[in-house]
Amino acid sequence: MATRVRSYSKINLGLAIGPVRADGFHALTTLYQTLALHDLVTVSARRAAATRIVLTTNDARVPVDERNTCWKMVERALARLDVSAEVAIHIEKRLPVQGGMGAGSANAAAALLGLERELGVSLGGSERLRLAGEVGSDVPLFLLGGAVLGLGRGELVFPMPDFPPMWCVVAVPEVGVSTPQAFRDWDEKQGSGIRDQGSGGAPGLTSAAGVDRLNELSLAYASLSAVTGEGERGTSGIVRGQSPDDKRVVSGENQAGAINDLAENALLALVRTGIGNDGLHNDFEDVVFPQHPSLRAIKRQLMGDSASGEGTALYAALSGSGSALFGLYRSEAEAREVQRRAQAAGVKALVTTTLPRQEYWSEMFAE
Ligand code: C5P
């Protein structure tokens with residue numbers, strides 16, 4: 001019997017890039033949020049005298065050899081478990097490839113969970129996270145799900161209190177953005193001290209200033225869950241509520257009617273956490289938008305019509321280094337209207353919801 005795993009995607013609600021570290025990676029502080037939009041990863045495995053991995057996919061752009069994140073993960077996991085096995089993995093792609101939505105990273109986490117289930121074995125919690133971090137900076141977040149604080153190079157993950165689910169539109173532009181190149185462009189920009197005023201760019205950073213800035217942002221994120229003494233709710237108003245999607249109602253806590261206000265308050269508190277009065281921000285926008293002005297235009301479109309307030313996003317941004325962008329909305333109707341407008345302008349757009357931790361795990365293993 002094969003195990004079918006929903007390999008969910010992520011967006012970055014904010015992302016601050018710090019200095020280059022001795023290992024060549026960049027220090028960063030980010031707040032990840034998982035989405036319901038997913039690929040499907042099917043794993044079958046049985047113990048054998050020698051390890052053999054066979055990968056298949058419905059998308060010709062996905063490598064099916066040792067370059068694939070699922071391959072790397074399974075090979076390493078078997079070595080750590082000291083097990084040899086014949087493993088077949090099929091990746092059904094629905095998410096954009098290299099779109100800043102963590103699809104390849106999520107596939108690796110799904111392959112690990114499928115492998116463990118198939119073989120009836122499990123790596124310890126911290127061992128799993130360490131292994132995931134070796135495969136990629138964005139892999140460990142998918143072993144937590146929901147709202148996740150990412151530190152280090154993004155691989156040191158901390159579960160945050162969840163936001164109530166929100167409607168989300170993901171725009172999938174045709175241009176591709178290389179993550180390593182975007183980091184190099186960021187470094188060059190810091191070196192030259194150029195600021196992209198249009199997107200509220202960060203000040204040029206010395207190493208020390210860069211670290212201070214990351215520390216400040218992680219404190220701001222953490223303070224969202226601070227308890228004020230007004231019962232269980234933190235200063236941010238982050239509380240659990242009801243899903244906007246009736247198929248996913250959170251543990252019977254029906255707060256119909258209040259949900260959109262709660263999601264809005266929590267998110268608006270987050271939007272204000274930005275440092276230096278810049279508000280919540282993804283630093284990659286400062287280097288990616290000048291190179292691809294069409295992406296800045298799509299962000300504006302996702303932000304919506306602020307004059308009428310109709311279809312106005314609670315927040316919109318580039319996800320990771322892009323090229324996917326997202327907008328978060330109060331209602332399905334607003335999300336559908338924004339999707340319709342984006343598609344009329346020739347941009348592929350998908351409607352989904354944010355996925356809190358509980359739903360992430362309860363719906364992970366597909367029938
Ligand atoms: O860890 P991951 O495989 O996702 O990283 C891909 C590339 O992105 C790295 O090789 C590195 O060039 C760059 N990167 C970085 N700093 C990070 C994460 C990634 O420079 N925090």
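Counting just the residues of segment 13-25 that are within 12 Å of the ligand (Cβ to nearest atom) and surrounded by fewer than 20 Cβ atoms within 10 Å (Cβ to Cβ), which one comes out nearest to residue 286 (Cα to Cα)? Checked segment 13-25; the qualifying residue nearest to residue 286 (Cα to Cα) is 19. Flag: residue 41 does not match the condition of being surrounded by 15 or more Cβ atoms within 10 Å (Cβ to Cβ), in contact with a Leu (Cβ under 7 Å, 6 or more places away or on another chain), at pLDDT 95 or above and of a type in the set (A, V, I, L, M, F, W, C). Do we find that residue 46 is outside any strand (DSSP E or B), surrounded by fewer than 12 Cβ atoms within 10 Å (Cβ to Cβ) and out of contact with any helix residue (DSSP H, G or I) (no Cβ under 7 Å at 6 or more places or on another chain) in this structure? Considered against the rule, which asks whether it is outside any strand (DSSP E or B), surrounded by fewer than 12 Cβ atoms within 10 Å (Cβ to Cβ) and out of contact with any helix residue (DSSP H, G or I) (no Cβ under 7 Å at 6 or more places or on another chain), residue 46 comes out as no. Candidates 143, 151, 78, 131: the one that is within 18 Å of residue 14 (Cβ to Cβ), assigned by TED's automatic domain parsing to the domain that holds residue 37 and either surrounded by fewer than 23 Cβ atoms within 10 Å (Cβ to Cβ) or within 16 Å of the ligand (Cβ to nearest atom) (or both) is 151. Looking at 122, 126, 137, which is the one that is among the hydroxyl-bearing types (Ser, Thr, Tyr), free of Cβ contacts under 8 Å to residues at least 24 places away in the same chain and assigned to a loop (DSSP other than H, G, I, E, B)? When all the criteria are applied, what remains is 122. Screening residue 106 with (1) within 16 Å of the ligand (Cβ to nearest atom); (2) part of a helix (DSSP H, G or I); (3) open to solvent by 10 Å² or more (accessible area, probe 1.4 Å) gives one miss only, at (3). Every condition in (1) part of a strand (DSSP E or B); (2) open to solvent by less than 40 Å² (accessible area, probe 1.4 Å); (3) under 18 Å from residue 109 (Cα atoms); (4) away from the ligand (no atom under 16 Å from the Cβ) is met by residue 10 except one, and the failing one is (4). Being assigned to a loop (DSSP other than H, G, I, E, B) and surrounded by 24 or more Cβ atoms within 10 Å (Cβ to Cβ) is a condition met by no residue of segment 28-38.
The values are calculated or read from the model by the stated rules, or taken from the named source; none is laboratory data. Bear in mind that the values here come from a model prediction, so they are computed numbers and not experimental data. Cβ sites come from the backbone with ideal geometry, for glycine too, and all protein chains shown count toward neighbours. With ligands, DNA and RNA removed, areas are computed over all heavy atoms of the protein, side chains included. Shrake-Rupley method; radii C 1.70, N 1.55, O 1.52, S 1.80 Å.
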